[in-house]
Amino acid sequence: MNVQTLQKPMNTPRQVLFASLVGTTVEFFDFYIYATAAVLVFPKLFFPKSDPASSTLASLATFGIAFIARPIGSALFGHFGDRIGRKKTLVLALSTMGLSTFAIGVLPSYAAIGIIAPLLLALCRFGQGIGLGGEWGGAVLLAVENAPPNKRALYGMFPQLGAPIGFLLSGGTFLLLSRWLTDAQFFSFGWRLPFLASAVLVLLGLYVRLTITETPVFEASQKRGEKTSVPMFSVFRQHLRELCAGVLVCLATFVLFYLMTVFALSWGTTALHYPRGTFLLIQLFGILFFAATIPVSALLAERGRKPLMIGVTVGIALFGFAFAPMFSAGIAGATAMMALGLALMGMTYGPLGTIVSELFPTPVRYTGSSLAFSLAGILGASLAPYAATWLAKTYGLPYVGYYLTTSALLTLVGLLLIRETKNSDLTL
């Protein structure tokens, strides 16, 4: 028998990139429909109506629960991803996210079951966080560990593109529903449709994930007997510096994005009185800049990761001072603010997954990169909408921009702590 017939078929670049992209697109679509609903729907349907401001803050608090769950998902799925493989773990992570999202679409409201409604909502949100905690790191590794050494940033940008695509699908869906349905219809059943429809996207993602094979970098590591008993313990014992630096490197990215999306939507449609439909269009317009700058940043990152990230992070710090004046300057100013902020987001987000994954060796790469990303999510994303709302109400909108600038300065510290990873050998 020909030896070639016994060899396992290798993943083609098209298979790898599509599999990494479709999964994160599904995951971020699920995540963002919750973020949008947490501002527009849940305060009215899942919390008492006596105090709208408190209901909004409580809804944003449930939004933050997922970021607390993400490190748990990172440790759980990272453990199996580093021990049994990237492919099997990615299938489990996507299934967890999909089931949690579908369940939100069938939850009864506060008017129907009282306090049980927000508790169930929080539980489903926790499940979303568990799933996303395992999804991101695995999707990035699926791309990066299949990439040629000189194209890791380019391959690694594909799972990152799932973020703007998922947001466009989410924002576009809510925009169409708000146009096609009356307010009564939207709050009665329309808001549930994106959560239920996510099941179709999940099935597509699972099908694609099941057609790929394991990454060659992971298989080579397994053949060398490099399996770690408890990857999370190894990360904290042997790679704590890389973990802490990775958290800081991701911090400004999280703060910037969730200020541009969740906080901006909430503040823009309430305190600044921009029409809901108009502001959703502004956000969708800004997301185009997010999507367009991801490949640009990946190309630049192939020349050097640190110089690019340091330059972009300085830009984010300066943008913090322009945030409030632009946001308050009417529709034109808000549109310019959204475009500039999300363009900076794409420039920092494009190479981020590649950089963080390159900090860790193969036996703990899934766990290490996922934990760094998820812990940054707790510090940068879960608190951002809540903290920004509190700052804006207590001290004024400019302090939200100062909050962003501070996060960028912390990210600069993280970037100074890491080595240049462009020439790192992932097989070691």
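Table for the structure above
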{"item": "Heavy atoms of residue 224: accessible area, 1.4 Å probe, square angstrom to 10", "result": "110 Å²"}
{"item": "Cα-based Rg of the range 359-410 normalised by 2.2 N^0.38 Å, two decimals", "result": "1.52"}
{"item": "Rough spin-label spacing in nm, given labels placed 7 Å along Cα→Cβ, for residue 181 and residue 332", "result": "3.6 nm"}
{"item": "Cut-off under 5 Å, modelled amide H: who pairs with residue 11 long-range", "result": "213"}
{"item": "Ranking by accessible area, most exposed first, for 427, 313 with a 1.4 Å probe", "result": "427, 313"}
{"item": "For the chain: lysine pairs under 22 Å (alpha-carbon distance), excluding those fewer than 8 apart on one chain", "result": "14"}
{"item": "The range 306-428, Cα convex hull volume normalised per residue, Å³", "result": "98 Å³"}
{"item": "Residue 281 accessible area, 1.4 Å probe, all protein chains in place, Å² to nearest 10", "result": "80 Å²"}
{"item": "Heavy-atom accessible surface of the range 268-341: percent carbon and sulfur, 1.4 Å", "result": "78 percent"}
{"item": "Exposure ranking of 244, 124 by accessible area [1.4 Å probe, largest first]", "result": "244, 124"}
{"item": "Relative contact order (%) - the chain, alpha-carbon pairs under 8 angstrom, separation at least six", "result": "26 percent"}
{"item": "With all protein chains modelled, accessible area of residue 302 [1.4 Å, Å²]", "result": "40 Å²"}
{"item": "Carbon and sulfur %, accessible surface of the range 31-78 computed with the full protein complex present, 1.4 Å", "result": "73 percent"}
{"item": "Length gained when the stretch residue 233-residue 204 is fully extended (0.36 nm per residue, less Cα-Cα span)", "result": "7.0 nm"}
{"item": "Volume per residue of the C-alpha convex hull in the range 190-320, rounded to whole Å³", "result": "212 Å³"}
{"item": "Accessible heavy-atom area order of 232, 347, highest first, probe of 1.4 Å", "result": "232, 347"}
{"item": "Accessible surface, the chain, averaged per residue in Å² (probe 1.4 Å)", "result": "38 Å²"}
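The values are calculated or read from the model by the stated rules, or taken from the named source; none is laboratory data. Computed from a prediction, not measured in an experiment: that's the story for all the values here. Backbone-built Cβ (ideal geometry, glycine too); neighbour counts: all protein chains shown. Remember, those area values only see protein heavy atoms, side chains included, never the ligands or the DNA or RNA. Shrake-Rupley method; radii C 1.70, N 1.55, O 1.52, S 1.80 Å.
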